[in-house]
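In what follows, a structure is listed as C-alpha cells, so that the remarks can point back to it.
The values are calculated or read from the model by the stated rules, or taken from the named source; none is laboratory data. Computed from a predicted structure; not experimentally measured. Quick reminder, even Gly has a Cβ in these numbers, built from the backbone with ideal geometry, and neighbours come from all protein chains shown. Just the protein is used for accessible areas: all its heavy atoms, side chains included, with ligands, DNA and RNA removed. Shrake-Rupley method; radii C 1.70, N 1.55, O 1.52, S 1.80 Å.
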Amino acid sequence: MKKIWITPALYSLVAIALSIASFNFDLLVVERFSDSIPRILLTNVELGKDIMGVLAAAILTMTTFTFSTVLVVLTTYTSQFSPRSSENFINNKVTRRVLGIFVGGFVYASLSLLYMQDKTFGHEVLTPSFGVFISFLCVATFAYYIHFISSNVRVTALINKLVGDIDHVVSNYKKMQEKNHISLENWEPSGREQEIEMGEEGYVQFIDLVNLVKFAEERDIEIEVLVTTGDYVYKDMPIFRIYQDEEEELALAKFFQTGPERTVEQDIGYSIQKLMEVAIRAISPSLNDPNTANEILIRIGRLLGEIGQLKTKGWVLTDSADHNRLVYHFPSYDTLLYHTFFQISKYGSSDISVMSAMTESLKAALRSAPVERHDEIWEIQEYILDGLDCTEMKKKDVEYLQKKVDELAELTNQQTIVLQADEKKQALV
C-alpha cells in the first residue's frame with residue numbers, strides 16, 4: 001500500500017511556505033501599498049488573531065471528521081466487500097489530496113496565528129484574508145469529498161475500479177507481447193549459468209521486464225526470470241538465472257521490487273482475486289446479494305477472453321536485434337481460469353443464478369478468446385459442474401442451467417453434459 005502520509009506532508013510544506021510568504025508580504029509590502037489594497041481585505045492584528053484562531057479550530061474539526069469518515073469507509077470496504085479492497089479507497093489520489101488540503105489549511109492557520117503579534121505589525125495586515133480564502137477552499141473540498149464518498153462506497157464503483165485495474169494490466173502485457181515476444185520453444189541459452197538470489201523475503205510486486213531486456217542486450221547476456229509477480233519469495237531464494245560467457249557480478253535488484261503485500265500493477269492473478277472476493281462475499285449468508293456476484297461474473301468473462309489472447313506459460317523477449325534475451329514464465333491460462341472459479345464454484349453451487357452466471361461468464365470469454373483456448377474454457381465448465389447435486393434442484397432450475405451448458409458446449413464444439421434431476425422429486429412438483 002502506498003504511503004498515504006506523503007501527500008499531506010507535501011501540502012503541509014506548501015502551507016508552511018505560504019504562511020512565511022504571507023508574513024513577509026504583510027511585513028514588507030502591505031504598509032507601503034496599503035492605499036492600493038481594498039480596505040475590506042485588511043484587518044487589524046487583534047481581529048486577525050481572532051479570525052485565524054477560529055479558522056484553525058474549524059479546519060481541525062473538518063480534518064478530524066474527514067479522518068473519521070475514512071475509517072468508517074475502510075470498515076465498510078473490509079466487512080462488506082473484501083479485506084484487500086480497502087486499498088482501492090485509501091490509495092485513491094482524491095482521498096490523499098483532501099487530507100492534504102485540510103492538514104495544509106490547519107498548518108497555515110496555526111502558523112499565521114503564531115506570526116501575528118502586535119509588536120511585529122504596527123499596521124493592518126492581509127494574512128487573515130488569505131486564511132478566509134483557504135477556509136473557503138477547505139469547505140468546497142469537504143463538500144466534494146462527501147459526494148466522492150457517497151459515489152465510491154457503492155459496490156458498483158468498486159467493481160468498475162477493479163475491472164479497470166485488470167484491463168490496465170492486460171493492456172500493458174499485450175503491448176509488450178506485440179513488441180517483442182516469441183515462443184518459449186526458441187529459448188536455447190548459452191554460456192555459463194549463474195543464479196542470483198533474493199536479498200529479503202516478500203511478495204514480488206514489480207519486475208521491469210523492458211529494462212531487463214535492454215540490460216541483457218548491453219551486457220550480451222541472457223536472463224531467465226524464475227519467479228512471477230505475486231509470488232512470495234524467501235531470503236536466498238533464486239529469482240534470476242543468468243547465462244553469460246564470463247562470470248561476473250551483476251546488480252539486478254533495481255529491476256524488481258518486493259514488499260509485504262501484493263499489488264495490482266503487474267499481478268493479474270491478484271487483480272482477479274480481489275474482484276472474485278467481492279463476488280464471494282456477496283453470496284455469503286451475511287449479505288445474500290447474488291446479483292452482485294452475477295454482475296461480477298459477467299464482467300470477468302470479458303476479461304478472461306482478453307487474457308486468453310495473451311501468450312501464456314512462457315515468454316521469450318527479444319532485443320532490438322531480435323536476439324533472445326529474457327524468458328518470463330507467465331501463469332498458464334488454465335491456471336488463471338481455475339483460480340478465478342475454484343472458490344465461487346463451491347460457495348455458489350446452491351444458487352442457480354450464480355451457477356448460470358458462471359456459464360454465461362465462460363460464454364463471454366469465448367467471444368474474444370482465440371479458438372485454441374476453447375478446450376480450456378470447456379474444461380473449467382466441466383470442473384464447475386463436477387459434483388453438482390442436481391437432485392436438490394427444482395425442475396425449472398435444472399432446465400435453465402442445462403440450456404446454458406448446451407449453448408456453451410455448442411460454441412466450443414464439445415459434447416454437452418447432461419444434468420440429472422431427481423425424477424421422484426420432480427413428479428411431486
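The table below gives the values:
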| quantity | calculated |
| --- | --- |
| Relative contact order for the chain, counting Cα pairs under 8 Å that sit 6 or more residues apart, in percent | 14 |
| DSSP-loop GluC sites (Glu not before Pro) across segment 210-250, with at most 13 other Cβ within 10 angstrom | 246, 247, 248, 249 |
| Helix 209-219 vs. the chain, principal-axis angle (Cα, 0 to 90°, nearest 10) | 90 |
| Inter-probe distance in nm under a simple model that places probes 7 Å from Cα toward Cβ, at residue 200 and residue 399 | 6.3 |
| Nearest 10 degrees, 0 to 90: helix 127-152 Cα axis against the chain principal axis | 20 |
| Within the chain, percent of DSSP bridges classed antiparallel, to nearest 5 | 90 |
| Mean projection area, nm², convex hull over Cα of segment 334-415 | 5.0 |
| Most mobile of 337, 13, 74 in a GNM of the chain (Cα contacts under 10 Å) | 13 |
| Stretch gain in nm, segment residue 220-residue 57, where the contour uses 0.36 nm per residue and the Cα spacing is subtracted | 52.3 nm |
| Segment 47-100 versus segment 287-321: alpha-carbon centroid distance in Å | 34 |
| Most mobile listed residue (301, 259, 191) in the chain, GNM with C-alpha springs under 10 Å | 191 |
| Principal semi-axes in Å for segment 17-147 [√(5λ), Cα gyration tensor, largest first] | 38, 12, 11 |
| Under Karplus coefficients 6.51, -1.76 and 1.60, residue-wise ³J(HN,Hα) of segment 96-110 in Hz, glycine/proline x | 5, 6, 5, 4, x, 5, 5, 5, x, x, 5, 4, 4, 5, 5 |
| Fluctuation leader among 281, 32, 154 - the chain, Gaussian network, Cα springs under 10 angstrom | 32 |
| Distance histogram for segment 72-208 (every C-alpha pair counted, 5 angstrom bins, percent rounded to whole numbers) | 2, 7, 10, 11, 10, 11, 10, 9, 8, 7, 5, 5, 3, 2, 1, 1, 0 |
| Per residue accessible area of the chain, 1.4 Å probe, in Å² | 51 |
| Cα gyration tensor, segment 250-346 - rounded (a/c under 1.5), prolate or oblate | prolate |
| The chain: equivalent-ellipsoid semi-axes (sqrt of 5 x gyration tensor eigenvalues, Cα, Å) | 55, 35, 16 |
